[in-house]
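The values are calculated or read from the model by the stated rules, or taken from the named source; none is laboratory data. If you're wondering where the values come from, they're calculated on a predicted model, not measured in any experiment. Positions of Cβ are generated from backbone atoms using ideal geometry, with glycine treated the same way; all protein chains shown enter the neighbour counts. Heads up: the accessible areas ignore ligands, DNA and RNA and are worked out on the full protein's heavy atoms, side chains in. Shrake-Rupley method; radii C 1.70, N 1.55, O 1.52, S 1.80 Å.
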Amino acid sequence: MEDLGQVHQLLVHVSGYTLTFNLDVIFYSWIVMGLLLLFGFFTTRKKGMVPHTVQVVGELFVSNLYDLTEDVVGPDLAKTYAPLAIALFLFLLLCNWIGIFPPMEEPTKDLNTTLSMGFLGFVLSHYVGIRSKGIKEYLKGYFEPFFIMMPLNLIGELAKVVSISFRLFGNIMGGSIIIMVVSYLCFSLVLPPFLNAFFGLFVGAIQAFVFTMLTLVYISIQVK
Amino acid sequence: MDIETCVKVASFLGAGAAMGFGAIGSAVCEGYTAAAANTAISRNPNATGDILTSMLVGQAVTESASIFSLVIAMILLFTPFSSQTLITAAVVLSAGICMGTGALGSGMGSGVAAAEACHGIARQPGASDSIRMNMLVGTAVSQTPAIFALVTSLILLLLDYSSHAPWPTIGAILGAGLASGLGAIGSGVGDGLVASAASRGVARQPEAAGTITKMMLVGQAVTETTAIYGLLISFILMFGNFPATDQIAPGVALFSAGLCMGIGALGPGIGEGLTARNAVDWMSRNSKAIPTITRVMLVGQAVSESTGIYSLVISLILIFVV
């Protein structure tokens, strides 16, 4: 129980500032990325009209998530944002699932990962908003319904980043803490596998989906 | 009263609050689920097996909020705390209150969703699988606010406060517990309302199950936002290192920051849940209007959330400015 909250960190001192690297998180994120690249390589290798097994799985992900993107942002923009949605979902899904193999830890258990993913969606949605509406219309949106509401609208926008990233972080962190505490209390006998299935596989999949969906919704709000 | 007794008293109080409050929500709504199952079986006796399974599965998920409380209460009762200071006393009390109140809303919400699933299966026995799947997803997401409260109370228990000055820290710790705990109530109930509408919608229009579940998840995600603000304020209060002081005001300000966010999150959570409930409900009746309904739902939720944002602003001012 004591090792909770201890993180392997690499501290680099650069001219008075300290850069902190969470080594575990970086390592497992790279493992996730490597696995995804491998998955992509095997799905597209020897592809044909009659798909082989791995290709079917890949096509399943791509076609379902493409349809989802089309539902949310509309058919015109789906082609632009579907790759983002698919990549985001697969990355987060694998990040949430990797923790069910004990020595590995979920990169999404670290707020830095989820916050940077949330920030990605935030920057992208505002860029899209400015590009589709023009800078004048975009800025006007902050002064509605009244001029005085500007600071609150601004905080509301920033709060979106906080809520989307804390939601994923809280769920994954909560799940892993519960699994750890219960394993500690009942000596890893019966309950932990069920808890792993529930919090790792089930909640992990739902939260990866919710995150992707919300990123797309934020984009579609800015466009309309 | 010496300090050991003080910590012991606080941990007993905390354990009592955790399990006492934590039992309310789940118990009420497990009963509600069972009542709904009875009605559903009376209406459609042929689907008894399916309804009974759904009732039990739904009740099991509903109960998990109370089980979180039980875990915290056990930890509070049986862990020997190494540091015996006033801060430890505040920590154990705060962790208990946080988990107890945090389990209230999620317990209630999940139960309402499970009840609606039982009604749905009686109405549309052919779609029982998709109704049950939707219920499982919906109730699992409704547990999120309780999980946030659990995270806060466990982090409180495991953080090392030995280098902190007692006074403002005690206020901050008590505030952190209240922000996550009270903040989880509204969102828990609201999430459950959304999930209940989705269960009803899948029963009414089984072929739209995918769309309804998707919309339910978006609605629930936005409903949870205020609980996340509560979590955020708790994190700031827990991890902040506040300078020592003899004055009463700074500690009280930190405490009220938590209180403000906790109570302020109550209304928006329920309100956004109501918005999303009706939106999801009508999506199953009028599938052509889904894009419009979604947009109106998101705008409405954003407006109803604004009071939660006011609370967030005041809490942040209380922490950083006052």
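In a fully extended conformation the segment linking B:Ile317 and B:Lys288 would gain 5.9 nm over its present Cα-Cα distance, using 0.36 nm per residue.
By per-residue mean of other Cβ atoms within 10 Å, what is the highest-first order of A:118-124, B:82-88?
By packing density, highest mean first, the sequence is A:118-124, B:82-88.
Need one number: buried accessible surface between chains B and A, 1.4 Å probe, both sides summed, DNA, RNA and ligands left out, in Å² to 100.
Working: alone 12870 and 13900 Å², together 23920 Å².
Interface area, both chains combined: 2900 Å², rounded to the nearest 100.
Provide the convex hull volume over Cα atoms per residue for chain B, in Å³. Working shown, then result.
Values: hull volume 34.1 nm³, N = 322.
Dividing the Cα hull volume of chain B by its residues yields 106 Å³.
When B:Arg43, A:Arg131 are compared by accessible surface with a 1.4 Å probe, the order from highest to lowest is A:Arg131, B:Arg43. A drop of at least 50 square angstrom in accessible area, chain alone versus all protein chains together, probe 1.4 Å. Which residues of the range A:143-164 meet that? Listed in order, they are A:Leu152.
GNM remark for chain B: springs join alpha carbons under 10 Å apart, and the peak mean-square fluctuation among B:Thr211, B:Thr275, B:Thr33 falls on B:Thr211.
Between the listed residues B:Ser83, B:Gly100, B:Ile155, the Cα displaced farthest toward the positive end of the dipole of the range B:9-320, a dipole computed from Cβ unit charges relative to the Cα centre, is found at B:Gly100.
For chain B, a Gaussian network of Cα nodes joined below 10 Å ranks B:Thr53, B:Thr225, B:Thr101 by mean-square fluctuation, and the top entry is B:Thr53.
Our summary of shape: the Cα atoms of the range B:110-206 have principal axis extents of 62, 19, 14 Å, ordered from largest down, in whole angstrom. Rounded to 0.05, the FRET efficiency of the A:Ile148 and B:Ser83 pair, given R0 = 56 Å and the Cβ-Cβ distance, is 0.70. Take every Cα pair under 8 Å whose residues are at least 6 apart in sequence, average their separation, divide by the length of the range B:144-258, and the relative contact order is 48 percent.
Could you work out how far the C-alpha centroid of the range B:223-279 sits from that of the range B:1-62, in angstrom? With the range B:223-279 and the range B:1-62 each reduced to a Cα centre, they are spaced 25 Å. Counted residue by residue at 0.36 nm each, then reduced by the alpha carbon distance between them, the extension gain from A:His13 to A:Leu185 reaches 57.9 nm. The fraction of Cα-Cα pairs per 5 angstrom bin, counted from 0 for the range B:164-295, comes to 2, 13, 18, 14, 12, 10, 8, 7, 6, 5, 3, 2, 0, 0 percent, rounded to whole percents.
Considering only alpha-carbon pairs that sit under 8 angstrom and 6 or more positions apart, the relative contact order computed for chain B is 20 percent. For the protein assembly as shown, the solvent-accessible area works out to 44 Å² per residue, with a probe of 1.4 Å and every protein chain left in place.
The residue among A:Gly156, B:Val7, A:Pro193 whose Cα reaches farthest toward the positive pole of the charge dipole of the protein assembly as shown, with charges on the beta-carbon of Lys, Arg, Asp and Glu, is A:Gly156. Using the Cα coordinates of the protein assembly as shown, the gyration tensor eigenvalues translate into equivalent-ellipsoid semi-axes of 35, 29, 25 Å, sorted from longest to shortest. Cross-link reach is defined here as a Cα-Cα straight distance under 29 Å, omitting same-chain residues fewer than 8 places apart; for A:Lys46 the lysines meeting it are A:Lys79. The range B:159-202 and the range B:291-310 have Cα centres spaced 21 Å apart.
The calculated FRET efficiency for A:Leu139 paired with B:Ser306, based on their beta-carbon distance and R0 = 30 Å, is about 0.90.
Positive-end ranking of B:Gly251, B:Ala65, B:Ala179 along the dipole of chain B, with charges on Cβ about the Cα centre, is headed by B:Ala65. A Förster radius of 22 Å combined with the Cβ-Cβ distance from B:Ala27 to B:Met74 puts the calculated FRET efficiency at roughly 0.75. Share of carbon and sulfur in the accessible area of the protein assembly as shown stands at 70%, probe radius 1.4 Å.
Quick one: putting +1 on the C-beta of Lys and Arg, -1 on the C-beta of Asp and Glu, what dipole do you get for chain B around its Cα centre, in Debye to the nearest 20?
Working: 11 positive and 15 negative charges, 188 e Å.
Dipole magnitude for chain B comes out near 900 debye.
For a straight C-alpha distance cut-off of 17 angstrom, the aspartates and glutamates reachable from A:Lys47 (same-chain residues fewer than eight places away being disregarded) are A:Glu59.
Size check on the range A:1-143: the Cα extents along the three principal axes, sorted descending, read 53, 50, 29 Å.
On average, how much area does the Cα convex hull of the range A:21-103 cover when viewed from any direction, in nm²? Could you put the intermediate results ahead of the total?
Working: hull surface 28.3 nm².
Its Cα hull, projected and averaged over all orientations, spans 7.1 nm².
Comparing each chain alone with all protein chains together (probe 1.4 Å, DNA, RNA and ligands left out), the residues of the range B:224-240 losing at least 10 Å² of accessible area are B:Glu224, B:Thr225, B:Ile228, B:Tyr229, B:Leu231, B:Leu232, B:Phe235. Note on chain B: GNM, Cα springs under 10 Å; of B:Ile173, B:Ile248, B:Ile97, the largest mean-square fluctuation is that of B:Ile248.
Label positions at A:Phe101 and B:Glu4, each projected 7 Å from the Cα along the C-beta direction, are separated by 4.9 nm. For the pair the range A:41-96 and the range A:145-224, the centres of their Cα atoms are 22 angstrom apart.
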